[in-house]
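Asks: Before I ask anything, here is the structure I am working with.
The values are calculated or read from the model by the stated rules, or taken from the named source; none is laboratory data. Note that this is a predicted model, so its numbers are computed, not measured. Neighbour counts are summed over all protein chains in view; Cβ atoms, including those assigned to glycine, are modelled from backbone coordinates with ideal geometry.
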Amino acid sequence: MIIQSFVASVCAEGEWDRFGICDNKLVCNRYRLTHTKQYLAERFEAWDEIEERPRYNIAPTQPVLTVRKEQGKKSRKFTTMRWELIPSWAKDMSIATRTLNARSKTVTTTPAFRQSIQTKRCLIPADGFYEWQKMGSVKQPYCFEVGEGELFAFAGLWDQWKNPEGQIIESCTILTTTPNSLVADMHDRMPVIVPPDKYDLWLEPYVRDFTLCLVVVSFGSILLATVSSSNNGNFRCSLHYSLAAYPVA
């Protein structure tokens, strides 16, 4: 398998630092989803209306597309949720600033996630995710792709929370794990990617041995390219100007 890493000048000064993103205090804190809804429906065998628009800069607190299976039903369903999980027992939404990601090592014991990992697992479709590397005084963002922009799925968890006005808010988080050799150069964690043949196992609420699904994808080489610069959500991170490839140990 090949992973592509694109240099992208997408970190607007001061904008993302409030999330700790450009300092890599968090992992998998921006990602991309650009495939059509028809392709998404075919690949995930899921139903329901979803937005038809490519998103190159998906950020915390924004609505994100998820795939889940409801108890007692065999079919998969697309659902839009808030990215940053709010546990059902939370007094307010402030806890969500700490639930963007869930560490696989502690997910079964962390209060915010230990119920969701048992029965509320979901897939979060993506075709790229970003990490940052400090190069002197500059924090350089990279976009990682599986294959050549292939669609893949993060391992996600979700929960429901009722706000004081009685509104039900569904929210989600992305599981992280020990990085492969490529991502390790930039961060000590990476998102968990669920292989397509494990989708049903991960989504099934009755399955308790979910560790079978937590597979870290290994990559043999990367591609590095310079891309266009922008600080809004509509730029193309995959617009190539130059291209080079080298092996990863």
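Asks: Inspect region 95-112 for any residue being in a loop (DSSP other than H, G, I, E, B), of a type in the set (G, A, S) and in contact with a helix residue (DSSP H, G or I) (Cβ under 7 Å, 6 or more places away or on another chain) and give the result as yes or no.
Replies: yes
Asks: When you scan region 109-122, do you find a residue that is β-branched (V, I, T), touching a residue at least 60 places away in the same chain (Cβ under 8 Å) and buried (at least 19 other Cβ atoms within 10 Å of the Cβ), even just one?
Replies: Yes, region 109-122 has at least one match.
Asks: Checking the conditions here, which among K134, K139, K198 is closer than 30 Å to S88 by Cβ, at pLDDT 65 or above and of a type in the set (D, E, K, R)?
Replies: Sole residue among the options that is closer than 30 Å to S88 by Cβ, at pLDDT 65 or above and of a type in the set (D, E, K, R): K198.
Asks: Among the listed residues G149, G136, identify the single one that is touching a His at 6+ places or on another chain (Cβ under 9 Å) and of a type outside the set (D, E).
Replies: So the residue among G149, G136 that is touching a His at 6+ places or on another chain (Cβ under 9 Å) and of a type outside the set (D, E) is G149.
Asks: When only residues in region 72-94 that are hydrophobic (A, V, I, L, M, F, W, C) and part of a strand (DSSP E or B) count, which is farthest from I50 (Cα to Cα)?
Replies: Restricting to residues being hydrophobic (A, V, I, L, M, F, W, C) and part of a strand (DSSP E or B), the top hit is W83.
Asks: I'm trying to understand the selection: among the residues of region 40-93, which are surrounded by 16 or more Cβ atoms within 10 Å (Cβ to Cβ), within 26 Å of E165 (Cα to Cα), over 15 Å from the mean Cα position of the chain (by Cα) and of a type in the set (A, V, I, L, M, F, W, C)?
Replies: F78, I86, A90
Asks: A follow-up question, please. Yes or no: P164 at pLDDT 85 or above and out of contact with any strand residue (DSSP E or B) (no Cβ under 6 Å at 6 or more places or on another chain)?
Replies: Judged against the criteria, P164 is a match.
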